[in-house]
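Chemist: Here you go, one structure.
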């Protein structure tokens, strides 16, 4: 890639008709408020790195388009050179605090796929906050019998042990049928057991979703708020899947006074059964976690993206923007970021 850039071949590809007929949809999850990029570098990047990415788009002369109009122009064969759309998943507070000010500074449009359950119940999202707490408590072996009602010691000295610990906590919460409030109390108790400052997490709103008034403010400033299901899950039963879309759309409409019609699969979970259900729900498009460019031949409910992450080198990111990286093997990414209920 560096040799291609130095020789000018990269610039030729970026201005080619081949690249003009392709839309690069960038996908982000979170910008680290503190150390989230160290906990999960696949989901979080630093604000400095995100600013570098946006600056690179500007320096390369990319045409950053609103998602909806970009997809229309793609179908019509009317995309400008180096077309890019920017998307964020979930709707965490860090988007409001860190990402949006950077995007706004560059004047770029952005789509925010918002999951809505934890917007009204504004506490840390249970699955991911437990994972974060367990990571912060790494290196310990702790007795959690009082937390989960069975004799159990959690070994947090290895990745495998931490994964098993998270599984045990989630399984207990699920089997006990805990409410959102009870899950939050369990997360607080887990933090206390591991010596993690839960109040500090709350004060910084780490792994909190946006509040309704923040969503409303963002929408008024031009952020495109779109569908990501209400509880961050995609049931395989038709009526439950449609309820997720309906509840999500209703909540977004109450916050923004606009009807959402574009969708992103939570955690990248995709099944072919979803396609007719999305059609039935009057969804216009759906993005995945498959890496690649969207073309006029791409199914509108199977749109690939570039999922940016901490360990992606700048030269690789630039390769995607210009088009060179399209010729590398493509990967699907599944994010274990939990149900939001």
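The values are calculated or read from the model by the stated rules, or taken from the named source; none is laboratory data. Source: prediction; values computed, not measured. Note that each Cβ is placed from the backbone with ideal geometry, even for glycine, and that neighbours are counted across all protein chains shown.
Chemist: Out of (1) under 15 Å from residue 279 (Cα atoms); (2) free of Cβ contacts under 8 Å to residues at least 40 places away in the same chain; (3) out of contact with any helix residue (DSSP H, G or I) (no Cβ under 9 Å at 6 or more places or on another chain), what's the single condition that is false for residue 264?
Modeler: Answer for residue 264: the failing condition is (2).
Chemist: Is it the case that some residue within the range 251-259 is surrounded by 14 or more Cβ atoms within 10 Å (Cβ to Cβ), in a loop (DSSP other than H, G, I, E, B) and under 19 Å from the mean Cα position of the chain (by Cα)?
Modeler: No: the range 251-259 contains no residue that is surrounded by 14 or more Cβ atoms within 10 Å (Cβ to Cβ), in a loop (DSSP other than H, G, I, E, B) and under 19 Å from the mean Cα position of the chain (by Cα).
Chemist: Among 67, 56, which is the only one that is farther than 28 Å from residue 156 by Cβ, touching a helix residue (DSSP H, G or I) at 6+ places or on another chain (Cβ under 8 Å) and in contact (Cβ under 8 Å) with a residue 12 or more places away in the chain?
Modeler: Only one candidate qualifies: 56.
Chemist: Go through the range 213-248 and count every residue that is under 19 Å from residue 86 (Cβ atoms), without any contact (Cβ under 8 Å) to a residue 40 or more places away in the chain and touching a strand residue (DSSP E or B) at 6+ places or on another chain (Cβ under 7 Å).
Modeler: 1
Results for (1) assigned to a helix (DSSP H, G or I); (2) over 14 Å from the mean Cα position of the chain (by Cα); (3) in the same structural domain as residue 31 (by TED's automatic domain parsing), shown as yes or no for each residue.
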residue	(1), (2), (3)
263	no, no, yes
267	yes, no, yes
272	no, yes, yes
275	yes, yes, yes
287	no, no, yes
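Chemist: Determine whether the range 116-131 contains at least one residue that is within 29 Å of residue 298 (Cβ to Cβ) and in the same structural domain as residue 249 (by TED's automatic domain parsing).
Modeler: Yes, that holds for at least one residue.
Chemist: Quick check, is residue 101 without any contact (Cβ under 8 Å) to a residue 60 or more places away in the chain and outside the structural domain of residue 158 (by TED's automatic domain parsing)?
Modeler: Spelling it out, residue 101 is indeed without any contact (Cβ under 8 Å) to a residue 60 or more places away in the chain and outside the structural domain of residue 158 (by TED's automatic domain parsing).
Chemist: Might you check whether a residue that is farther than 28 Å from residue 324 by Cβ and assigned by TED's automatic domain parsing to the domain that holds residue 234 occurs anywhere in the range 64-84?
Modeler: No; the residues of the range 64-84 include none that is farther than 28 Å from residue 324 by Cβ and assigned by TED's automatic domain parsing to the domain that holds residue 234.
Chemist: Only one of 89, 94 is buried (at least 21 other Cβ atoms within 10 Å of the Cβ) and closer than 27 Å to residue 295 by Cα; which?
Modeler: Going through 89, 94 in turn, the sole match is 89.
Residue-by-condition table, conditions (1) modelled with pLDDT under 95; (2) surrounded by 24 or more Cβ atoms within 10 Å (Cβ to Cβ):
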| residue | (1), (2) |
| --- | --- |
| 98 | no, no |
| 101 | no, no |
| 105 | no, no |
| 108 | no, no |
| 112 | no, yes |
| 120 | yes, no |
| 133 | no, yes |
| 141 | yes, no |
| 147 | yes, no |
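Chemist: Being modelled with pLDDT of 95 or more and touching a helix residue (DSSP H, G or I) at 6+ places or on another chain (Cβ under 9 Å) is the requirement here; does residue 246 meet it?
Modeler: The answer is no for residue 246.
Chemist: Let me ask something else. Quick one: count up the residues across the range 20-65 that are surrounded by fewer than 19 Cβ atoms within 10 Å (Cβ to Cβ) and in contact with a strand residue (DSSP E or B) (Cβ under 6 Å, 6 or more places away or on another chain).
Modeler: 2
Chemist: At least 3 residues that are over 15 Å from the mean Cα position of the chain (by Cα) in each: list the strands (runs of 3 or more DSSP E) lying fully within the range 60-148 that qualify.
Modeler: Those strands (runs of 3 or more DSSP E) span 141-143.
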